[in-house]
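Here is the structure we will look at, set down as C-alpha cells.
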Number of protein chains: 4
Amino acid sequence: MKVDPVTLLMRGREVLAEQPFSRLLGAELRRLEPGGICELELPLRTELLQQHGFAHGGVVSYLADNALTYAGGAAAGFAVVTSEFKINYVRPAIGERLIARAEAVSVGKSQIVCRCDVFVRSGADEKLCAVAQGTIARVGVD
Amino acid sequence: MKVDPVTLLMRGREVLAEQPFSRLLGAELRRLEPGGICELELPLRTELLQQHGFAHGGVVSYLADNALTYAGGAAAGFAVVTSEFKINYVRPAIGERLIARAEAVSVGKSQIVCRCDVFVRSGADEKLCAVAQGTIARVGVD
Amino acid sequence: MKVDPVTLLMRGREVLAEQPFSRLLGAELRRLEPGGICELELPLRTELLQQHGFAHGGVVSYLADNALTYAGGAAAGFAVVTSEFKINYVRPAIGERLIARAEAVSVGKSQIVCRCDVFVRSGADEKLCAVAQGTIARVGVD
Amino acid sequence: MKVDPVTLLMRGREVLAEQPFSRLLGAELRRLEPGGICELELPLRTELLQQHGFAHGGVVSYLADNALTYAGGAAAGFAVVTSEFKINYVRPAIGERLIARAEAVSVGKSQIVCRCDVFVRSGADEKLCAVAQGTIARVGVD
C-alpha cells in the first residue's frame, strides 16, 4: 500500500487522537514519513514528572515506545504493534519538552526493527536523554 | 542500611505519592521487601488505554519500569534510578487491573539487575502480558 | 507436532552437532523438554577466555543465545531462530564450566519469549554470571 | 587520559591479541577512535557457521559485544567491560566477512551507552544483519 506523506501524517495524527493514553499525556505527532521516520513530541508539565522534578522514566519510555511503533508502521504499510523494545536512560530529562525521533533500520515481511533517540528541550538547548531499539510486528503475528 | 519491612513499604508508598506521574496513573504499591521484591498494581481505566481498548504499551512499560526500580532500590538500600530495561509484550493487556511483580536477581555494589512479570487481571483470571529485565543503578553512578 | 522427551533431546543433540560453531566451542545439551526447558553446558578452556582469564562475554552470550533458541524451539514444535535477545552480565565468569538454563515464558503462534540464567561452576560452587531474555521466532516469519 | 589515535588503535589491537577467544575467532580491529568509534571485522569460515550455513548468532553477538566494548572504552579513556547489551538479528549472515561498526552515543562518568551495526559482506555487497545497543561500564563499578 503506497501512501502519500500528507495522508500518512494525517492518518497518524488520527490514530494518536484515538489513543486515550496519548491524549492524557498530550503527545503531538510532528513528522511521519513513508520510509519509516517519526518525530513525536510531548510538552512536559508537573503531572508527568517524578519526585525529583525530572520527566518520569515511564513518560520517556512511553514516548520512545510510541515513536518506535509509528516509525515501524510508516515503514511497513500494515497495522503494527510494538513487540519488544529496550531503552537506556542517559540523562535526567529536565526541560519543557521531550522529542522522540525514531527510524526504521530494517524492514522485513512482518517485522520492522527501529531505533529511537529521545531528547529533552530546555529553551534553545536540546539534549539526548534516552536511546531505544525495538521490534515492531505486524498485528496478528502473535 | 537495614530497614524493617513495614518501614520499607511505608517509605515506598511515600515515594510513590511524591511522583506526580504515578499519581496521575494511579499506581498502588502492594508489596516491597528488603530482599528486592516488589508488587505494583494499576487499576485500568479508559484514559490508560490505546485505540483498541487494551492498556497502552506505555502504561505497561511504566509499571514494569517502576516495579524494577522499587525491587532494585529495596535490594540495594541506597537511592537508585533505572539505568536501562527491556520489555517484551506477550499479550494484549485487557482487564481491570495490571499487576507488576519484580525481583532483584543480582545485587552488586552499585548496580542491581532485576526482572519483572506484568500480569493483567480480569475477574478471577490473571494472565501474563509482559516480561521485563533491567539495570537499577545507584543515583550518581552516571 | 507432539514429540516425546527422549526423541526431543536426541534431535536437539543432532542439531547441536550440525552447528560447526557449537562444535568449535564444545557446547553440550544436557536437558531439553517439550514444555520449553533447556540446559546447555560449556566446559571452559583457555581458548574461550578474554585477557583477564574470565570466559569472554561473547562465549557467555553465545551460550545464552543458543539456550534461548533451544527452549523456544522445544516449546514451539516448529523450526525457530533467535530474533533478538538482551543479556546482563552480572559477575565475571571464572570457573570450569558454564551452564545456561533457559525456559519459555510465553508461547505464541509464531513467537516464543524465553528467559535464561547463565551460571559458572567452580568445583561444587555455582554462581549466576548472566541473565538474558529474548524472542524466538518461527523460521520464515521475517 | 588523552590518547592519540595511532596509539589507541595499536593498544586496541594488543588487547584483542591478548583475548584468546578473539584469536580463536580471528577478529581484526580496523578502526578505533578517541571519540568512541570502532570497526571490528571477522572473516567467516566454516567453523563459525550454524547448521544452515549462516554465521552462528553467537558469532554475530560476539562481534557486536566486542565492538560495543571497544567503542565505549575508546570514548571513556578508562578500563571498561560490557555491562549489558541487546541485539536484533535482522537478516541471515551469509557472506565472507562480518563488519561491526560501533559508536558511543552518550558518555557518562562511569558508563557509556553505545550502538552497533553488524554488516555481512559478500563480494562488493554489504548488508545489515544485526543491530545492537548496550552499556559499557568502568571496570569495578560492580
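Quick note: the coordinates plus some simple rules give every number you see, no bench work behind them. Note that the structure is a prediction, hence the values are computed from the model and not measured. Quick reminder, even Gly has a Cβ in these numbers, built from the backbone with ideal geometry, and neighbours come from all protein chains shown.
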Nearest-first distances (nm) between copies at D:Arg30, label 7 Å from Cα via Cβ: 3.4, 4.0, 5.2
By average C-beta atoms within 10 angstrom, highest first, the peptides D:92-103, B:52-63: B:52-63, D:92-103
Percentage relative contact order, chain D, counting C-alpha pairs under 8 Å, at least six apart: 23 percent
Cβ-Cβ FRET estimate between D:Ile94 and C:Glu14, R0 fixed at 25 Å, reported to 0.05: 0.65
Ascending list, in nanometres, of distances separating the A:Arg91 label from those of the other copies (7 Å, Cα toward Cβ): 3.4, 3.7, 4.1
Convex hull volume per residue in cubic angstrom - Cα atoms of region B:48-142: 90 Å³
Inter-chain Cβ neighbour average for residues A:89-95, partner chain, 10 Å: 4
Per-copy distances of the A:Gln51 label point, shortest first, in nm (7 angstrom along Cα→Cβ): 3.8, 4.2, 5.2
Separation in nanometres of the label points that stand 7 Å from Cα toward Cβ, at C:Arg23 and B:Val6: 6.6 nm
Rounded to whole Hz, the Karplus (6.51, -1.76, 1.60) HN-Hα couplings of region B:95-112, x for glycine and proline: x, 9, 7, 9, 10, 9, 10, 10, 8, 6, 9, 8, 10, x, 5, 9, 9, 10
Span from the region D:42-115 Cα centroid across to the region B:40-95 one, whole angstrom: 29 Å
Where the Cα pairs of the protein assembly as shown fall when distances are cut into 10 Å bins, in %: 4, 19, 30, 28, 15, 4, 0
GNM top mover of C:Asp65, C:Asp125, C:Asp117 - chain C, alpha-carbon springs below 10 Å: C:Asp125
Net charge, D:Leu44 excluded, C-beta distance under 13 Å - Lys, Arg +1, Asp, Glu -1: -1
Cβ neighbours within 10 Å from other chains - mean over B:127-138: 5
Other protein chain Cβ atoms within 10 Å, averaged over every residue that makes up D:105-116: 5
³J(HN,Hα), Karplus 6.51/-1.76/1.60, whole Hz, each residue of region B:67-78, x for Gly, Pro: 5, 4, 5, 4, 4, x, x, 5, 6, 7, x, 9
